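Novice: The following block contains the structure, expressed as structure tokens.
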Amino acid sequence: MTVVKALNEIKASLGWRVVYAWVGDDPCGDGDLPPWSGVTCSTQGDYRVVTELEVYAVSIVGPFPTAVTNLLDLTRLNVRWNKLQDVIPPEIGELKQLTHLYLSFNNFKGEIPKELANLPELRYLHLHENHFIGRIPPELGSLQYLRHLDVGNNRLVGTIRELIRIEGCFPVLRNLYLNNNYLTGGIPAQLANLTNLEILYLSYNKMTGVIPYSIAHIPKLTYLYLDHNQFSGRIPDAFYKHPFLKEMYIEENTFRPGVKPIGLHKVLELSDADFLV
């Protein structure tokens, strides 16, 4: 399928809110007309290819436009803040050049497709604020460049132990957002093998057990959110001596009396835009 045909198929499926800004038959522009809004093209040899598609906050309704998966040179796909629904098609795994994928703030359902692990260049994966169910695919751990994984505010189950079961997983992951789901089990000591972690956001799950000493030795851990779970016991002193740890939220657990938070507890207000880099 040609780029023009694929984009026109997407245009037909997305409806009037996007169509009014998509004028002409050539999404890359034809000299007289500019490129379609949100479409970025580049030249490869004799061809123009679409490398970025950003169609966000325009209240698109309907299923994920499968024709997007024919844009094989796409590096960035952003359809956040819409009303897209149904499942993410497994064909998403065909977009081998993709580095940034933003599907957050929609109404997607079903399981997170394990085919996302077939995107070898992926760096940023935003899936939060949807209706995903089931377990987070541990296959995502094989993504060698993934820095940011956000699956918060869904209906996911399972354990962190299952997520990190692949040896050497998530080698460069900095930010892991698992908050506001139905995760159970404890924090496995092996999570400390994710040595690049800076943000670990576990709030509002159903997790249990004690906090492993090893987590305090993640070198650049800066934000640790444990609140609103069922953790217990003490928190090792090493956390309070950590050179980078700015905030550790602990309320609404069953820690022993005297366990203290780190930092002034305020509502976490990291917007989706903070990681659109």
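Novice: Between LYS96 and VAL4, what's the calculated FRET efficiency when r is the beta-carbon distance and R0 is 22 Å? Round to 0.05. Numbers along the way, then the final one.
Specialist: Numbers: r = 21 Å, r/R0 = 0.95.
Efficiency, rounded to the nearest 0.05: 0.60.
Novice: Based on Cβ point charges of +1 for Lys and Arg and -1 for Asp and Glu, what charge dipole magnitude is obtained for segment 118-270 about its Cα centre, in debye rounded to the nearest 20? Spell out each step's value before the answer.
Specialist: Working: 15 positive and 13 negative charges, 59 e Å.
So the dipole magnitude of segment 118-270 works out to roughly 280 debye.
Novice: Which Cα, out of LEU163, GLY209, GLN97, lies furthest along the positive dipole direction of segment 1-255 (beta carbon charges, K/R +1, D/E -1)?
Specialist: Toward the positive end, the furthest listed residue is GLY209.
Novice: Just how large is the dipole of the chain about the Cα centre, in debye to the nearest 20, putting +1 at every Lys and Arg Cβ and -1 at every Asp and Glu Cβ? List each step's numbers first, then the result.
Specialist: On the way: 25 positive and 29 negative charges, 224 e Å.
Result for the chain is approximately 1080 debye, rounded to the nearest 20.
Novice: Add -39500 (n - 2.57) for each DSSP H run of 4 or more in the chain, then divide by its residues: what number comes out at 222 nm, to the nearest 500 deg cm²/dmol?
Specialist: On the way: 3 runs with 20 residues, N = 277.
When only DSSP H runs of four or more count, the value is -2000 deg cm²/dmol.
Novice: Continuing with the same structure: Charges on Cβ only, +1 for Lys and Arg, -1 for Asp and Glu, centred on the Cα centroid of the chain; of ASN154, LEU197, ILE60, which one is farthest towards the dipole's positive end?
Specialist: Ranked along the dipole, the leading option is LEU197.
Novice: Let me ask another. Please check the chain for the longest run free of chymotrypsin sites (Phe, Trp or Tyr not before Pro) that are loop-located per DSSP (anything but H, G, I, E, B) and have at most 12 other Cβ atoms within 10 Å.
Specialist: On the way: sites that count: TYR20, PHE244.
In short, 21-243.
Novice: Moving on to the next point. Once fully extended, how much extra length lies between SER59 and SER232, figured as 0.36 nm per residue of separation less the alpha-carbon to alpha-carbon distance?
Specialist: Numbers: separation 173, 0.36 × 173 = 62.28 nm, distance 4.29 nm.
Gain in length upon complete extension: 58.0 nm.
Novice: Extending each Cα 7 Å along its Cβ direction at GLN85 and GLU111, get the distance between those two points in nm, one decimal.
Specialist: So the two model labels end up 2.3 nm from each other.
Novice: How far apart, in nm, are two points set 7 Å out from the Cα along the Cα-to-Cβ line at TYR182 and at SER37?
Specialist: Placing both labels 7 Å along Cα→Cβ, they lie 4.0 nm apart.
Novice: What does the highest-first list of 28-35, 59-66 look like by mean Cβ count within 10 Å?
Specialist: Numbers: 28-35: 12.6, 59-66: 15.6.
Going by the mean number of other Cβ atoms within 10 Å, highest first, we get 59-66, 28-35.
Novice: Another one. Taking the 0 to 90 degree range and rounding to the nearest ten, how far is the long axis of helix 3-14 tilted relative to the main principal axis of the chain, both from C-alpha atoms?
Specialist: Around 70 degrees separate the two axes.
Novice: So, R0 is 30 Å and r is the distance between the beta-carbons of GLU121 and VAL23; what FRET efficiency does that work out to, to 0.05?
Specialist: Details: r = 32 Å, r/R0 = 1.05.
For GLU121 and VAL23, the calculated efficiency is 0.45.
Novice: Let me ask something else about it. Along Cα→Cβ, 7 Å out, is where each label goes; now give me the distance between the ones at LEU264 and GLN190 in nm to one decimal.
Specialist: Between LEU264 and GLN190, the label points sit 4.1 nm apart.
Novice: Where the centre of each part is set by its Cα atoms, how far does segment 133-163 sit from segment 220-243, in angstrom?
Specialist: Centre-to-centre distance over Cα atoms comes out at 21 Å.
Novice: Still on this structure: For the chain, what does the relative contact order come out to in percent, with C-alpha contacts under 8 Å and a separation of six or more?
Specialist: Details: 691 pairs, mean separation 23.7, N = 277.
Relative contact order, the chain: 9 percent.
Novice: Grab the alpha carbons of segment 122-241, take their convex hull, and tell me the volume per residue in Å³.
Specialist: On the way: hull volume 10.4 nm³, N = 120.
Spread over its residues, the Cα hull of segment 122-241 gives 87 Å³ apiece.
Novice: Report the extension gain between HIS217 and THR254 in nm, rounded to one decimal, defined as 0.36 nm multiplied by the number of residues separating them, less their alpha carbon distance. Write down the numbers at each step before the final one.
Specialist: Numbers: separation 37, 0.36 × 37 = 13.32 nm, distance 2.32 nm.
Result for the pair: 11.0 nm of gain on full extension.
Novice: Among ARG80, ARG165, ARG155, which one moves the most in a GNM of the chain with springs linking Cα atoms closer than 10 Å?
Specialist: In the Gaussian network model the winner is ARG165.
Novice: Please figure out what share of the DSSP beta bridges in the chain is antiparallel and state it in percent, rounded to the nearest 5.
Specialist: Here the share of antiparallel DSSP bridges comes out near 15 percent.
Novice: Now, a different point. In nm, what is the difference between 0.36 nm times the number of residues separating ILE166 and SER13 and their Cα-Cα distance? Provide the component values of the computation, followed by the final result.
Specialist: Numbers: separation 153, 0.36 × 153 = 55.08 nm, distance 3.84 nm.
Contour length minus Cα-Cα distance gives 51.2 nm.
Bear in mind that the values in this text are calculations on the coordinates, not laboratory data. As the structure is a prediction and not an experimental result, all values here were calculated from the model. We place every Cβ from the backbone using ideal geometry, glycine too, and count neighbours over all the protein chains shown.
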